[in-house]
Amino acid sequence: MASDFSKIFFSSLTEINASLRKREYSAVELTKAFCDRLEEYGPKYNALSHSMRKQAIKKAKDVDDDLKIDRTRGPLQGIPFGVKDLLAVKGHPTTWGAKPYANQVFDYDANIVKKLNKVGAILIGKLSMVELAGGGGYRFASASLTGPGLNPWDKSRWSGGSSSGPGVAVGAGLCTFALGSETSGSIITPSAYCGVTGLRPTYGLVSRQGAMALSWTLDKLGPICRTAEDCGHVLQVIAGADADDPGSAGKSFFYTPQFARKPQDVTIGYAPVDFEEYAEPATRAAFKAALDVVKSQGYKFKEVELPDFPYGAMTSTIIAAESASIFEDLIKSDKIDEMADKRQIAGFKTAVDTPAIEYLRAMRVRTLVQNAFHDFFYHNVDMVLVPSRTTVASKITDPLDGSGGAAQAPRPRSRGLSGIIPAGNLAGLPAISAPCGFVDGLPIGISFVTKPFFENQIIAAGKLFQSATDWHKRTPKLEG
Amino acid sequence: MPIPRRQYLHLAPTEVSTSRAWERGPHYNERMVTRRKLALLATAGIAAKVALAQAPPAPARAESDADFESARQQARNNFQAIARVKLPMTVEPVTTFKA
């Protein structure tokens, strides 16, 4: 049953699963087509760390056998996916994107890989990432064992990180969904820059067993997909209590769009200053158009500001202290000098000297942050709407720390919701980023952020937004 | 030819540290190693070794220094920003994240 896969590469997982059940093509055909594409374009966009073709085709045969006897295992059955190369997959290299770990192989699968395997999803490759998830503070996009993640919409632009491979692979149609991780911005940023839909779950909802640790109190794993609905389906499978993850919240997630509250019953907080001043001038019209779409859907809107805390400083201090402890052996060895980004090496070496009192102060202020967000969401609004990133993807040669001499924009009139990425991560809040327009051929995204364990609410908002727009259906023209 | 005693008394001490110095050329005393010079050399050698041992390793590249300074400055700025938040004694560090 030969099929034209050119459209299927950009289909949602629910569409592909429906086609598999109708036998429009087999899981083996589908898997081979995706593996070919991943192996062809993955290296060209620095998205592929390790192809898993052989194992994937074997798994696809099992799926076909199941489908022949109508043994269905849910919407992820037969769906090709990739994982960020910080997740352990038995017998295959797990490099953490860093040269010192280039030959690392684990003899077990990460628990969420096992979960996806159980429902018949097909792992076709391990995807590239910023080395050690960028915990030392990298200056250049090239801070990776596989080179800078190249944006599928423009190869001269960065994909965003640290889940660079998952962002590129889904954006370029090299797999249907991918798993990424976020400590502070690593799912939301590549999702926005690559024009895909990414979901950062509540802290503790998804097990991190088998994943590289960067910060025990901030790390989260989540899906990067084509649509908000796909994120719901993947999250339902990967969420759940896990005794092997000390941070596990002991909760499950069931994707229940049928029980979504009506927009009329939901209050969205937003700050006009985010769209009018924080957003780069070229992006403002597109962001405003996206805001207008959401406003037209019947939600109640309320202007809000973030509680006043030094969110960025806090996440940096917590990541520095925890990552220095996690990677102490590496940092104190010569091996760290093998990493690609000099600023990141210096950052890790400096992090070892973080005083305990500074870490504890950050963690105490974090208590105040969590309390403030509790009040913010329970007495104020149901969720907030913000630009995922206020700029389009930067050029791959541009320094990421603002040392490139770019002109300083005038200070915005108020705080708005800027800083929602570190703030949301400190408070463990879930967020979803959906594509909301293009500027100079590059995608931008908006994010819905809500209170812990209310993923269904933001998925519903993302789905409703995507029912009124087609930004998530646009496909890039890949360069050979 | 012997130097007359009157002139001899005006010579610098190094020039009279050995007998018949005037007969051995103008740079004889500079080349000759005395016990005092040996002691000085030995002390200087030890001092140099100590100094070397205490000196920090030279950076591989000038850029690394800038990277380290940038990382340290960033950390200092972060600590200062966090320290500006007033913390009552009763506020404990976050230990659970079950929101």
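Computed from the coordinates by the stated procedures, all read-outs in this text should not be read as laboratory data. The shown structure was predicted, so the numbers you read here are calculated from the model rather than taken from an experiment. Neighbour counts are summed over all protein chains in view; Cβ atoms, including those assigned to glycine, are modelled from backbone coordinates with ideal geometry.
Membrane-span-like helices in chain A, defined here as complete DSSP H runs extending at least 27 Å along the helix axis by their C-alpha atoms with mean Kyte-Doolittle hydropathy no lower than -0.5, are A:356-379; this is a sequence and geometry rule, not a statement about a membrane. For chain A, the alpha carbon convex hull comes to 134 Å³ per residue, rounded to a whole number. Could you tally the net charge around A:GLY185, taking each other residue with its Cβ under 15 Å from the Cβ of A:GLY185, Lys/Arg +1 and Asp/Glu -1? Value of the local net charge: +1.
Based on the reciprocal of the average 1/r between different C-alpha atoms, the Kirkwood radius for the stretch A:349-404 equals 15.4 Å. With the convex hull drawn around the C-alpha atoms of the stretch A:277-319, the volume per residue stands at 132 Å³. Sparsely packed loop sites in the stretch A:335-441 (the trypsin sites (Lys or Arg not before Pro) outside DSSP H, G, I, E and B with at most 12 other Cβ atoms within 10 Å) comprise A:ARG413. Neighbour counting of Cβ atoms within 10 Å sorts the residues A:PHE348, A:PHE10, A:PHE301, A:PHE34, fewest neighbours leading, into A:PHE301, A:PHE10, A:PHE348, A:PHE34. Derived scalar couplings between HN and Hα for the stretch A:208-214 equal 9, 4, x, 9, 4, 8, 10 Hz in order, rounded to whole Hz, by the Karplus curve 6.51 cos²θ - 1.76 cosθ + 1.60 (θ = phi - 60°), x for Gly and Pro. Its residues counted as N, the stretch A:345-450 yields a C-alpha radius of gyration over 2.2 N^0.38 Å of 1.33.
Taking 1 over the mean of 1/r across every pair of different Cα atoms in the stretch A:267-354, what Kirkwood radius in Å do you get? Answer for the stretch A:267-354: a Kirkwood hydrodynamic radius of 16.7 Å. Where the alpha-carbon atoms of the stretch A:1-95 are placed on the principal axes, they occupy 38, 28, 20 Å, in descending order.
Checking every one of the chymotrypsin sites (Phe, Trp or Tyr not before Pro) in the stretch A:82-123 against DSSP loop status and a limit of 13 other Cβ atoms within 10 Å picks out A:TYR108. Residues whose amide H lies under 5 Å from that of A:GLY437, counting only those 5 or more places away or on a different chain, are A:ILE444; hydrogens are built 1.01 Å from N in the peptide plane.
Straight-line cross-link reach from A:LYS332 at under 17 Å between alpha-carbon atoms covers these lysines, not counting any fewer than eight positions away in the same chain: A:LYS99, A:LYS342, A:LYS349.
Exposure proxy ranking for A:LYS451, A:LYS7, based on other Cβ atoms within 10 angstrom of each Cβ and starting from the fewest, stands as A:LYS7, A:LYS451. The H on the amide N of A:LEU48, modeled in the peptide plane, is under 5 Å from the matching H of A:SER128, each at least 5 residues off or on a different chain. Residues whose amide H lies under 5 Å from that of A:ILE122, counting only those 5 or more places away or on a different chain, are A:GLY78, A:ILE79, A:PHE81; hydrogens are built 1.01 Å from N in the peptide plane.
Given the pairs A:LYS295/A:LYS451; A:LYS288/A:LYS473; A:LYS463/B:LYS86; A:LYS335/B:LYS86; A:LYS68/A:LYS155, which span a C-alpha to C-alpha distance of over 32 angstrom in this model? Listed pairs above 32 Å: A:LYS463/B:LYS86; A:LYS335/B:LYS86; A:LYS68/A:LYS155.
Averaged over the residues of A:465-471, the number of partner chain Cβ atoms lying within 10 Å of the residue Cβ comes to 0. Straight Cα distances below 16 angstrom link A:LYS118 to the lysines A:LYS58, A:LYS59, A:LYS61, A:LYS90, with same-chain residues fewer than 8 positions distant left out.
For A:HIS374, A:HIS50, the sequence from fewest to most other C-beta atoms within 10 Å is A:HIS374, A:HIS50.
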